[in-house]
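Inspection log for the structure reproduced underneath, given as structure tokens.
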């Protein structure tokens with residue numbers, strides 16, 4: 001994305017050219033390439049893509065949670081005025097859980113089964129020097145009630161296994177909120193939950209965000225979640241951001257052929273009909289081992305032409321205020337293709 | 001497409017599965033009714049979905065159909081013969097499974113061809129050459145390139161592994177396919193490929209398919225008949241068009257409203273909490289859904305509703321008629337919690 005920090009309020013998080021490389025026995029795997037984005041205060045930024053596209057590992061890099069075989073570098077990775085990539089563990093632990101916190105997919109594995117939820121909630125607060133145990137308890141009760149857990153002070157003595165999955169995820173959300181973070185990274189926060197619980201959990205996140213002025217990075221594979229919660233979205237494919245736009249615009253004018261394919265694959269998209277084929281994206285994601293040349297999507301792309309494999313790197317093209325896509329084709333012809341798929345006249 | 005007057009391929013009659021559970025060491029053993037009095041006929045060649053959330057008993061039902069879980073009471077007939085009268089081998093020729101996670105359902109130490117051929121080797125006296133031919137046929141059928149035959153599951157993507165699992169399920173030429181969440185571990189673009197494949201295969205081979213899922217949008221796209229389960233019981237059963245356009249059971253209505261559309265103008269409803277679903281070991285008296293139901297009356301709190309005909313579908317709800325009339329008069333569905 002082009003630098004646009006001048007026009008907007010200062011971003012809470014600014015990432016430029018984040019590269020994560022995994023050293024594997026068969027060669028270096030480029031998990032992310034040139035990932036750049038800005039997160040503004042109070043906005044929800046969704047990163048959407050399929051497994052292996054690098055959406056999670058890019059955020060793990062920010063949190064300093066990469067596996068040992070991974071190496072991350074970036075031109076800039078500034079959170080709240082501070083460069084966070086390559087900070088020592090000690091300095092990072094002052095930020096993590098404090099101003100920058102995270103919600104993981106599976107609430108059972110992100111809670112410690114041998115401690116009560118009260119212990120786990122208060123620990124963060126006391127550890128970051130926000131107050132004593134009594135104040136921590138008070139804050140924990142306030143937040144548990146806020147996330148809709150009844151009888152909160154009694155629930156503090158419960159162990160994670162005594163709670164249902166949806167309840168546990170709300171405890172995890174409350175825990176992420178304990179130190180009033182500025183940014184929460186939510187990695188597939190509702191994927192492990194039942195559908196009826198998923199919707200309420202997302203609505204809760206939206207409410208908390210408004211109430212406390214949080215910024216959220218929402219990592220998901222589900223475009224339904226993206227549509228219902230996010231302000232802006234980046235679509236990732238094979239380690240690169242291939243399209244970024246305000247959410248409404250992405251769904252109205254999906255420009256990159258991958259985004260178009262992804263939207264058309266959703267079973268609830270369009271008119272459901274048991275007799276018609278579901279739209280698919282043929283083929284599969286290319287191997288990311290070794291240096292890539294050309295467009296990573298070209299083998300699955302309905303609009304690919306010879307140049308797509310020739311160029312060294314496809315650059316992001318700007319179209320409109322805050323909309324960019326990584327494709328050699330001009331915007332008009334891509335939009336015409338999208339409309340043509342729906343039988344609309346162009 | 002299929003003949004509904006003929007003998008059903010699969011007939012479940014009052015099937016019940018319960019497990020003893022103990023809350024604490026000294027407390028008396030309770031009972032968890034995972035599947036509770038489920039009756040269902042599935043016609044030959046039909047593609048039917050069973051939907052519900054975790055703990056509703058849909059996977060236990062799948063295990064029952066595969067002969068992996070004995071029933072506590074009730075009968076199951078497959079092609080007119082009691083399931084209990086089939087031997088394990090005979091059953092393997094009638095019913096085959098496709099599981100959710102192709103990473104754990106394939107043997108990682110066997111090649112793709114060996115994985116696919118496994119059911120044959122166990123139950124048929126075929127020469128190696130014949131087996132190889134059958135494997136190649138089936139790989140072609142599921143669009144798996146033959147060059148993968150000596151690969152191992154770990155070298156393949158999730159979608160390819162699920163194709164291997166489908167090939168393995170079809171190699172005994174079964175009549176019934178039980179698919180338990182076959183695409184929930186896959187990416188959306190791959191999910192669509194596998195769903196299309198499953199539907200094409202069931203048509204081409206005239207398979208009777210039971211598709212178990214929690215994802216209503218997938219179900220709507222795939223099948224013509226849907227059974228909705230809640231806490232071990234079927235609460236609504238009917239044509240998918242009817243169920244999606246005119247859901248009668250309040251739980252079905254809640255499920256359908258929980259589908260997140262890929263539409264940025266959609267607004268999430270305000271949050272309401274009900275303290276979680278009911279405890280399956282101690283379900284509420286009357287209709288199991290009554291604590292979460294905005295229409296619940298005293299009757300719902302005392303008497304269990306039976307699955308009865310309601311319009312073009314079957315529904316287990318005391319109040320469906322009032323709800324239907326009230327919605328027809330333009331009533332807005334209240335916020336369900």
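Please treat every number below as a calculation from the coordinates, not as lab data. This structure is a prediction, so every number in the text was calculated from the model and none was measured. Here the Cβ is made from the backbone with ideal geometry for all residues, glycine too, and neighbour counts use every protein chain on show.
Could you tell me whether the stretch B:1-137 comes out rounded, prolate or oblate from its Cα gyration tensor? Rule is a ≥ b ≥ c as square roots of the eigenvalues, rounded for a/c under 1.5, then prolate if a/b exceeds b/c, otherwise oblate.
oblate
Please report, to two decimal places, log10 I(q)/I(0) for the stretch B:193-295 at q = 0.15, 0.17, 0.25 Å⁻¹ as given by the Debye formula with identical point scatterers on the Cα atoms and no solvent.
-0.78, -0.95, -1.43
Quick one: compute the contact order of the stretch B:208-337, relative version, from alpha carbon pairs under 8 angstrom and 6+ residues apart, as a percent.
For the stretch B:208-337, the relative contact order is 24 percent.
For A:215, A:73, what ranking results if the residue with the fewest other Cβ atoms within 10 Å of its Cβ goes first?
The most exposed by this proxy come first: A:73, A:215.
Quick check for you: which residues of the stretch A:314-330 have the amide N under 14 Å from the point 7 Å beyond the Cα of residue A:307 toward its beta carbon?
A:314-317, A:326-330, by backbone N distance to the label point.
Alpha carbon centre of the stretch B:121-180 versus the stretch A:126-159: separation in Å?
For the stretch B:121-180 versus the stretch A:126-159, the Cα centre distance is 53 Å.
Among A:168-179, B:189-200, how do they line up from the highest to the lowest mean number of other beta-carbon atoms within 10 Å?
A:168-179, B:189-200
When DSSP beta bridges are limited to those with both residues in the protein assembly as shown, what percentage is antiparallel, rounded to the nearest 5?
Taking every DSSP beta bridge with both residues in the protein assembly as shown, the antiparallel ones total about 60 percent.
Over the Cα atoms of the stretch A:200-337, how large are the radius of gyration and the largest Cα-Cα distance (Dmax), in Å?
Rg then Dmax for the stretch A:200-337, in Å: 16.5, 51.
Taking each residue in B:47-54, count the Cβ atoms of any other chain within 10 Å of its Cβ, then average. What number comes out?
The shielding value for this peptide is 2.
If the chain between residue B:309 and residue B:14 were fully stretched, how many nm would it gain, using 0.36 nm times the residue separation less the Cα-Cα distance?
Contour length minus the Cα-Cα distance gives 104.5 nm.
Quickly rank B:34-43, A:24-33, A:279-288 as a protection proxy: mean count of other C-beta atoms within 10 Å, highest first.
B:34-43, A:279-288, A:24-33
How far apart, in nm, are the 7 Å Cα→Cβ label points at residue B:302 and residue B:152?
It works out to 6.5 nm between the two label points.
Take every DSSP beta bridge whose two residues both sit in chain B, then give the antiparallel share in percent to the nearest 5.
Approximately 60 percent, going by the DSSP bridge assignments.
Compute the distance in nm between two label points, each set 7 Å from the Cα along the Cα-to-Cβ direction, one at residue B:121 and one at residue B:84.
It works out to 3.5 nm between the two label points.
Across peptide A:276-282, what mean number of C-beta atoms from other chains lies inside 10 Å of a residue's C-beta?
The mean count of partner-chain Cβ atoms within 10 Å per residue comes to 6.
Which whole-number percent of Cα pairs in chain B have a distance greater than 36 Å?
Everything past 36 Å amounts to 25 percent.
Roughly speaking, what % of Cα-Cα pairs in the stretch A:64-201 are separated by over 17 Å, rounded to a whole number?
62 percent
Let me make sure I get this right: for the stretch A:263-346, a, b and c are the square roots of the gyration tensor eigenvalues over alpha carbons, sorted descending. Under 1.5 in a/c it's rounded, otherwise prolate if a/b > b/c, else oblate. Which is it?
Taking the square roots of the gyration eigenvalues as a ≥ b ≥ c, the stretch A:263-346 is oblate.
Over chain A, what is the relative contact order in percent, taking alpha-carbon pairs closer than 8 angstrom and at least six residues apart?
Relative CO of chain A lands at 20 percent.
Could you tell me the distance between the Cα centroids of the stretch A:206-231 and the stretch A:36-54, to the nearest Å?
Centre-to-centre (Cα) distance: 10 Å.
Between residue A:28 and residue A:71, what is the label-to-label distance in nm when each label sits 7 Å out along the Cα-to-Cβ direction?
Calculated label separation equals 0.6 nm.
Please work out how much length the chain gains when fully extended from residue B:128 to residue B:282, using 0.36 nm per residue of separation minus the C-alpha to C-alpha distance, in nm with one decimal.
Here the segment from residue B:128 to residue B:282 would lengthen by 50.1 nm.
Which of A:181, A:107, A:67 ends up with the largest GNM mean-square fluctuation for chain A, with Cα atoms connected below 10 Å?
Fluctuation is largest for A:67.
Mean separation of Cα pairs under 8 Å and 6+ residues apart, divided by the residue count of chain B: what relative contact order is that in percent?
RCO, chain B: 19 percent.
Between residue B:224 and residue B:143, what's the calculated FRET efficiency when r is the beta-carbon distance and R0 is 22 Å? Round to 0.05.
Efficiency, rounded to the nearest 0.05: 0.35.
Viscosity 0.890 mPa s, temperature 25 °C: Stokes-Einstein D of chain A from its Kirkwood Cα radius, in µm² per second?
D, rounded to a whole number, is 114 µm²/s.
Provide the FRET efficiency to the nearest 0.05 for the residue A:89-residue A:134 pair, computing r from the beta carbons and using R0 = 35 Å.
0.75
I need B:322, B:187, A:106 ordered by Cβ neighbour count within 10 Å, fewest first.
Lowest count first: B:322, A:106, B:187.
By count of other Cβ within 10 Å, fewest leading, how are B:109, A:127, A:155 ordered?
Placing the least packed residue first, the sequence is B:109, A:127, A:155.
Who wins for biggest fluctuation among B:90, B:236, B:149 in a Gaussian network model of chain B, springs between alpha carbons below 10 Å?
B:90
For the stretch A:110-178, state the average projected area of the convex hull of the C-alpha atoms over all orientations, rounded to one decimal in nm².
Hull-based average projected area comes out at 4.0 nm².
Who wins for biggest fluctuation among A:57, A:219, A:95 in a Gaussian network model of chain A, springs between alpha carbons below 10 Å?
Highest fluctuation of the listed residues: A:95.
Taking R0 as 25 Å, what's the FRET efficiency between residue B:265 and residue A:273 from their Cβ-Cβ distance, rounded to 0.05?
After rounding to 0.05, the efficiency reads 0.60.
In deg cm²/dmol, rounded to 500, what helix-only [θ] at 222 nm does the protein assembly as shown give when every DSSP H run of at least 4 residues adds -39500 (n - 2.57) and the total is split over its residues?
Here the helix-only value at 222 nm equals -9500 deg cm²/dmol.
Starting from the Kirkwood Rh over alpha-carbon pairs, what translational D in µm² s⁻¹ does the protein assembly as shown have by Stokes-Einstein at 10 °C and 1.306 mPa s?
58 µm²/s
Based on the alpha-carbon gyration tensor of the stretch B:236-307 and its eigenvalue square roots a ≥ b ≥ c, which shape applies: rounded if a/c is under 1.5, prolate if not and a/b is larger than b/c, or oblate?
oblate
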